[in-house]
Amino acid sequence: MKRQLLVFSIGIALAAVLAAGIPQNGRAQERSRQFTIVIHGGAGTISEAMPEAVKKEYYASLKKALTIGRDVLANGGTSMEAVEKVLRYFETDPKFNAGIGAVYTSAGRHELDAAIMNGANLKCGAVAGVEHVAHPITLAKLVMEKTPHILLAYQGADAFAVKMGMKPVPNSYFDTPERKKQLEEWMKKIKEHDHGTVGCVCLDEYGNLAAGTSTGGLTGKLPGRIGDSPLVGDGTYANNQTCAVSGTGIGEEYMRNAVGFNINALMAYKGMSLKDAVYYIIHTLLKPNVGGVIAVDRHGNYAMDFNTTGMFRGVATSAGTFEVKIWKDK
Ligand code: ASP
């Protein structure tokens, strides 16, 4: 009996040691020391006539977000951890359309959408139309971790956040004068697709991919409208077999064309490279001036492609690449 107990205890100890080297897919994996992180802060009509000071602010924010994610990965963190941390940062930066600085609905309120997906096991979580959650990306992760569901919306999602111990914020917490002005212009029918949705895709040292997207949606959207960002396979998708993708642009076009899933499908079923699959979707399938995507594959190849005038974006790798950009390479 005693011997049985000893064998049992050793078994438990061994399991704990194995679990500590944590593989998101449950298998022990070596640290390859190789990682790639790609971020976006929205695609759209971004004027190159932007004042130098504003440009500088955008570059600084993108660098900050990229540094946060790069450091998580360089210190052995997982792709899921990096995605959440980067998007949490963006959700507090008023320049971007996520969290503080989210756009207004036609009713003058904010309804936020977010999703996160783990490419190792296809687990995912999403929230749509939340009005009182400072960090929708974290709520999306909690939906994944703590419920049998994938997508929670509106009051149910806000109530779930409270249940998870997240302190509710008033809807005015997301207000910024810039976005208010955009709504006023939108009402005067000066409709320009504004930008600022944020996304992050990563390959971590364990060979796992993850993707996340967080957004306030589109200025002047009808109350109740849900975009592509929280829809798995449209604005957000990750699968270790192929790639991790986060999109930004006119959500309805991304939904119609199942952008995230289709990039993955071109790679899985047609054997296309990440770059070719992304190029096909952005420049052939989507109409011009719709948006862009960031993507990474399991080898660390990455793409940041768009069919608008610009996309706030950046990439960092374990090989030392660290760059942020707004407009097309000339
Ligand atoms: N795709 C987002 C949406 O339609 C907006 C954006 O990326 O700018 O909700």
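List of remarks:
- Matching residues in the range 243-281 - criterion: being in contact (Cβ under 8 Å) with a residue 40 or more places away in the chain and either in contact with a Ser or Thr (Cβ under 9 Å, 6 or more places away or on another chain) or over 17 Å from MET304 (Cβ atoms) (or both): ALA244, VAL245, SER246, GLY247, THR248, GLY249, ILE250, GLY260
- Residues within the range 185-202 that are crowded, with 16+ Cβ neighbours inside 10 Å and either within 10 Å of VAL103 (Cα to Cα) or away from the ligand (no atom under 16 Å from the Cβ) (or both), tallied: 5
- Residue list for the range 291-325, restricted to those being among the aliphatic types (A, V, I, L, M) and within 18 Å of the chain's Cα centre (by Cα): VAL293, ILE294, ALA295, VAL296, ALA303, MET304, MET311, VAL315, ALA316, VAL324
- Any hit, the range 134-141, residues being within 16 Å of the ligand (Cβ to nearest atom) and of a type in the set (A, V, I, L, M, F, W, C): yes
- Single match in ALA115, ALA153, ALA159 (criterion: touching a residue at least 24 places away in the same chain (Cβ under 8 Å) and either out of contact with any Pro (no Cβ under 7 Å at 6 or more places or on another chain) or within 20 Å of LEU222 (Cα to Cα) (or both)): ALA153
- Test: residue in the range 166-184 that is away from the ligand (no atom under 16 Å from the Cβ), among the polar types (S, T, N, Q) and surrounded by fewer than 24 Cβ atoms within 10 Å (Cβ to Cβ): yes
- The residues listed here are GLY260, GLY233, GLY227; of these, the one that is within 16 Å of the ligand (Cβ to nearest atom) and out of contact with any helix residue (DSSP H, G or I) (no Cβ under 7 Å at 6 or more places or on another chain) is GLY260.
- Evaluation of GLN182 against the conditions (1) modelled with pLDDT of 95 or more; (2) of a type in the set (S, T, N, Q); (3) over 16 Å from PHE90 (Cα atoms) shows that the sole unmet condition is (1).
- ALA210 satisfies every condition listed in (1) surrounded by fewer than 21 Cβ atoms within 10 Å (Cβ to Cβ); (2) in contact (Cβ under 8 Å) with a residue 24 or more places away in the chain; (3) away from the ligand (no atom under 16 Å from the Cβ) except (1).
- Residue in the range 154-163 that is away from the ligand (no atom under 16 Å from the Cβ), touching a helix residue (DSSP H, G or I) at 6+ places or on another chain (Cβ under 6 Å) and at negative phi present: yes
- Any hit, the range 236-254, residues being hydrophobic (A, V, I, L, M, F, W, C), touching an Asp or Glu at 6+ places or on another chain (Cβ under 9 Å) and within 13 Å of the ligand (Cβ to nearest atom): yes
- Pairs where the first residue, in the range 39-51, is crowded, with 24+ Cβ neighbours inside 10 Å and the second is among the hydroxyl-bearing types (Ser, Thr, Tyr), C-beta under 6 Å, 6+ apart: HIS40/THR248; GLY42/THR197; GLY42/THR248; ALA43/THR248; ALA43/THR308; GLY44/THR308
- Filter result for LYS95 (at pLDDT 95 or above, among the basic types (Lys, Arg) and farther than 18 Å from ASP228 by Cα): yes
- When GLU205 is tested against (1) within 16 Å of the ligand (Cβ to nearest atom); (2) surrounded by 18 or more Cβ atoms within 10 Å (Cβ to Cβ); (3) not hydrophobic (A, V, I, L, M, F, W, C), only condition (1) is not met.
- Note on the range 74-92: residues that are surrounded by 24 or more Cβ atoms within 10 Å (Cβ to Cβ) and either modelled with pLDDT under 95 or among the aliphatic types (A, V, I, L, M) (or both) total 5.
The values are calculated or read from the model by the stated rules, or taken from the named source; none is laboratory data. Computed from a prediction, not measured in an experiment: that's the story for all the values here. Glycine gets a Cβ as well: all are built from the backbone with ideal geometry, and neighbour counts include every protein chain shown.
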